[in-house]
Amino acid sequence: MALDEMFSNQSEELRACYNDLMKRCEVHLDKMHQKLPPPKDRWNEILNSHGVSRRDFLKWCSIMTAALALPPVFTPKVAKAAGMANRLPVVWLNLAECTGCTEALLRTAYPGIDDLILDTLSLEYHETLMAASGYQAEECLSEALEKFAGQFVCVIEGAIPMGLNGKYLTIGAKGKTGYEIAKEVASKAAMVICIGSCSSYGNIQAARPNPTKARGVAEALKISTVNIAGCPPNATNFVGTLLHYLLFGALPALDRLGRPLWAYGKRIHDFCERRPHYDAGEFVEEWGDEYAKRGFCLYKVGCKGPYTYANCSQVRFNQGVSWPVMAGHGCIGCTEPDFWDKMAPLEKPMADHAPLPLAGVEATADEIGLGLTMVTLAGIGAHALGSVFRGVGKEKGGEE
Ligand code: SF4
């Protein structure tokens, strides 16, 4: 369906806006097609060899189109961009981290299409996955920076220790600090993506008392980054960001924490399948109780979904099979800055906060901010307390 036809009922202004976007997308895709190096393997052959039909691929493309908040008419463009992803040079740095993000993103037994894109990325340098080591590895990095200067995407996993002039983390035969390497590589990249919450904000590496003075990449290097937060993050959010870059040559709209709004614009709590239980005042009181078996809300056993912005409940993990709250453990708030310190204790509700009204479903992280989100706890706490006298209390024979 043509754009004009699809938006025939919409205002002139909206039609013009989507027409402009489509033109920009077509021009950029052509430019990328000319500019990017040829693929090592053809995308169609990769799909065939993994038993993915064209129909399944297009279905995935339409889901990604919707996830990126684009109208369905953009689906063929998303398919074209996905087919080009294995030509985009990527330099992946591993700094102060546990390699959990790499493990989660690249090592799946039954890869979905997101995973296939990640598996076939043109990784020019990745310390964990490459065969080269020592001086040979450093040469690979220098060559990639020279050959693809201004073209490659720099992906950074892990925080940057700033204490002792960065010497808590040195990498490679020449003993360069993580700070020096990240600064050099980021300065030559087309864009910098922080994968995981450690590179986004410091996170676990920067947890109190933070003896290495670890920082997130944007703070340490004083640059703008796209933060795909999470511990680990979801493959869909990373792939969607790459697709957006291939489609438009620009960063997606970001929130105040540098996270793509299309993926981190809403609270987990507002799209959680246990939310009706929360609203009915039906809570798991302790691990393994009758209410846990019945799938009640996990707020009282520490779920931080009400203060956490991410699409986990919508895109899920492991090929969309499940996510932590569905599996029976509350959200630990891992997409938020300093969650390890600020969201503790992880298996109990947080301590008292001053009362403020609950944020509405439409509120984004920008509108209410983490500090304000945290104090919504008082309202939630009162709600949870009220449940003693409503759903759960009634079942236990309590009085209203
Ligand atoms: S508190 Fe947690 S389990 Fe309960 S509805 Fe919110 S996100 Fe879901």
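See the values below:
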| item | result |
| --- | --- |
| Region 315-332 - residue that is under 25 Å from LEU68 (Cβ atoms) and out of contact with any Lys or Arg (no Cβ under 8 Å at 6 or more places or on another chain) and, of those, nearest to the ligand (Cβ to nearest atom) | PRO324 |
| ASN86 in the same structural domain as PHE152 (by TED's automatic domain parsing), within 30 Å of SER199 (Cα to Cα) and either in contact with a strand residue (DSSP E or B) (Cβ under 9 Å, 6 or more places away or on another chain) or modelled with pLDDT under 90 (or both) | yes |
| Residues that are in a helix (DSSP H, G or I) and under 13 Å from ILE117 (Cβ atoms), drawn from region 40-71 | TRP43, ILE46, LEU47, PHE57, TRP60, CYS61, MET64 |
| Hits in region 10-42 (condition: touching a strand residue (DSSP E or B) at 6+ places or on another chain (Cβ under 8 Å) and among the basic types (Lys, Arg)) | LYS40 |
| For VAL325: the one exception among (1) modelled with pLDDT of 95 or more; (2) in a loop (DSSP other than H, G, I, E, B); (3) among the β-branched types (Val, Ile, Thr) | (2) |
| Per-region count, region 248-275, residues in contact (Cβ under 8 Å) with a residue 12 or more places away in the chain and not in a helix (DSSP H, G or I) | 16 |
| Residue match in region 335-350 (condition: crowded, with 22+ Cβ neighbours inside 10 Å, hydrophobic (A, V, I, L, M, F, W, C) and at pLDDT 95 or above) | no |
| Selected residue [without any contact (Cβ under 8 Å) to a residue 40 or more places away in the chain, on the phi < 0 side of the Ramachandran plot and not acidic (Asp, Glu)] from ASN210, ASN165, ASN237, ASN227 | ASN227 |
| Single residue of THR128, THR170, THR177 found to be closer than 20 Å to PRO232 by Cα, of a type outside the set (Phe, Trp, Tyr) and out of contact with any His (no Cβ under 6 Å at 6 or more places or on another chain) | THR128 |
| Only listed residue being more than 22 Å from PRO252 (Cβ to Cβ) and either in contact with a Pro (Cβ under 8 Å, 6 or more places away or on another chain) or within 8 Å of the ligand (Cβ to nearest atom) (or both), chosen from CYS272, CYS312 | CYS272 |
| Options TYR278, TYR291: the member that is near the ligand (Cβ under 8 Å from one of its atoms) and either under 29 Å from ASN203 (Cα atoms) or in a helix (DSSP H, G or I) (or both) | TYR278 |
| Residue count, region 8-41 (criterion: free of Cβ contacts under 8 Å to residues at least 12 places away in the same chain and either under 21 Å from PHE148 (Cβ atoms) or not assigned by TED's automatic domain parsing to the domain that holds LEU247 (or both)) | 2 |
| First in region 328-351 and in a loop (DSSP other than H, G, I, E, B), second anywhere and among the aromatic types (Phe, Trp, Tyr) and surrounded by fewer than 16 Cβ atoms within 10 Å (Cβ to Cβ), Cβ under 9 Å, 6 or more apart | GLY328/TRP287; GLU347/TRP287 |
| One residue from LYS300, LYS304 being over 29 Å from GLY258 (Cα atoms), outside the structural domain of ARG208 (by TED's automatic domain parsing), buried (at least 20 other Cβ atoms within 10 Å of the Cβ) and within 12 Å of the ligand (Cβ to nearest atom) | LYS300 |
| Only listed residue being within 30 Å of ALA69 (Cβ to Cβ) and either surrounded by 17 or more Cβ atoms within 10 Å (Cβ to Cβ) or touching a Lys or Arg at 6+ places or on another chain (Cβ under 6 Å) (or both), chosen from LEU246, LEU169 | LEU246 |
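A quick yes/no check of all residues on (1) in the same structural domain as ALA189 (by TED's automatic domain parsing); (2) at pLDDT 95 or above:
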| position | (1), (2) |
| --- | --- |
| LEU251 | yes, no |
| PRO276 | no, yes |
| PHE283 | no, yes |
| TRP287 | no, no |
| ARG294 | no, yes |
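The values are calculated or read from the model by the stated rules, or taken from the named source; none is laboratory data. Here the structure is a predicted model, which is why all the values come from computation and not from measurement. Cβ: placed from backbone, ideal geometry, glycine included. Neighbour counts: every protein chain shown.
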